[in-house]
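Here is the structure we will look at, set down as structure tokens.
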Amino acid sequence: MNYRKTVSVFAIVAMFLLLASPALAVSPETEAQRAKIPPLNLAILIQDDLVSSVGNEIGVTKQFIRTLPKGSRVMVGYITTGTLQIRQSFTTDLEKAAASLRIPSASTSTSPFNPYVEVIEALRKFDSGWKGINAVLLVSDGLDLSRGFDSTAAGRTLDLERAIREANERNVAVYSFYAPSVGLTSRSRLAASYGQSSLNRLANDTGGKAFFQGSTGFVTFDSYFERLRHTLSEQYGRAS
């Protein structure tokens, strides 16, 4: 019995260290990609009503922030009903930015009509005097219900168009991770497809990239972050 308790405690401590310590969780491949990418000005925006399983991805999201190139600036915000909740304004303290992440509410009471109004608000917080690469990482279902559910308007709504224009004017590339919300996108393939189409348009038209796996369910962000690092390395990588 004592042996089992000792092993159990050791396993818990090991898992904690894996999540808390950058050195233990960073692979040589990640370090190589990190070395090639210049510092980023990055806003991480998370839709607050995403399904509860997204909360399990906070650890890997923190790790991504911690492994950004030295000198990067990070802002963390949550897209909720009618507002952008800033948890951390732009800072070069990556540990502080990582610590500001919280588990999404996973409640329809925090559902926005669409994420794009708050994306525009976040884009306006980028300083035109900053040097380096400007980017947004948007974690969202991408669905715009501000004018009802109209699948024929997928990727062509007014606020999406405004977000694309604002991003291009400020030279900000938008990268997106799709995850379903507790609302329509977790129940309807059509709604999920509509949201993904909008996220894909936002990314493609601003020089970023959209990441998603199928139109239903949710697995993990691990592959998303791996592909995002690879994409950033390819787009902005410095010669070794």
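Assorted remarks:
- Three-way shape call for segment 90-164 based on the alpha-carbon gyration tensor, with the a/c threshold at 1.5: oblate
- For segment 30-235: span of alpha carbons on each principal axis (Å, largest first): 43, 35, 29
- HN-Hα J in Hz across segment 180-195 - Karplus 6.51, -1.76, 1.60, θ = phi - 60°, x for Gly and Pro: x, 8, 6, x, 5, 6, 8, 10, 10, 4, 5, 5, 4, 5, 4, x
- Of the chymotrypsin sites (Phe, Trp or Tyr not before Pro) found in segment 112-156, those that fall in a DSSP loop while having at most 12 other beta-carbon atoms within 10 Å are W130.
- Taking the fewest neighbouring Cβ atoms within 10 Å as the starting point, the ordered list for V119, V136 is V136, V119.
- In this simple spin-label model, placing a label point 7 Å from the Cα along the Cα-to-Cβ direction at both T92 and E234 gives a separation of 3.1 nm.
- In sequence order, calculated HN-Hα J values of segment 61-72 (Karplus, 6.51, -1.76, 1.60; Hz; x Gly/Pro): 5, 4, 5, 4, 4, 4, 9, 5, x, 4, x, 5
- Straight-line reach from K131: taking Cα to Cα under 18 Å and skipping same-chain neighbours fewer than 8 places apart, the lysines in range are K36, K70.
- Here the label points at R227 and S128, each 7 Å from Cα along the C-beta direction, are separated by 3.5 nm in the simple model.
- Positive-end residue of V136, G237, N204, charge dipole of segment 121-240 with Cβ unit charges: G237
Only the coordinates and a few stated rules stand behind these numbers; no lab work does. Predicted model only: the values in this text are computed from it and were never measured. Quick reminder, even Gly has a Cβ in these numbers, built from the backbone with ideal geometry, and neighbours come from all protein chains shown.
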